[in-house]
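First up is the structure itself, then whatever we jot down about it.
The values are calculated or read from the model by the stated rules, or taken from the named source; none is laboratory data. Values in this document were obtained by computation on a predicted structure and should not be read as measured data. When the accessible area is computed, the model is the full protein with side chains, heavy atoms only, and any ligands, DNA or RNA have been set aside. Shrake-Rupley method; radii C 1.70, N 1.55, O 1.52, S 1.80 Å.
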Amino acid sequence: MSLLEECAADCPYCGEPITVLVDTSVDEQSYTEDCEVCCRPMIINAWVDEDGSVGVNLQREDE
């Protein structure tokens, strides 16, 4: 069983759809990663709910 799950999201800068890999072995995590399209740094907040569903929220680093 893989501990990484792909989540689709949109870059908060350029609006392009991107894929974020989330480590599901961690309940909550926050980290900075560059957009694969426009290369601007964004903060990724990811979480795993009690039922195992994964959620992500992306925000601009300059907010």
Here the relative contact order (percent) of the chain, from C-alpha pairs under 8 Å and at least 6 apart, is 30 percent
Interchain or sequence-distant (5+) residues whose placed amide H lies within less than 5 Å of the amide H of Glu61 are Ile43
So the carbon and sulfur contribution to the accessible area of the chain, 1.4 Å probe, in percent, is 43 percent
Under the Karplus relation with 6.51, -1.76 and 1.60 and θ = phi - 60°, whole-Hz ³J(HN,Hα) for segment 10-20, x at Gly and Pro, equal 10, 4, x, 9, 9, x, 6, x, 9, 10, 10
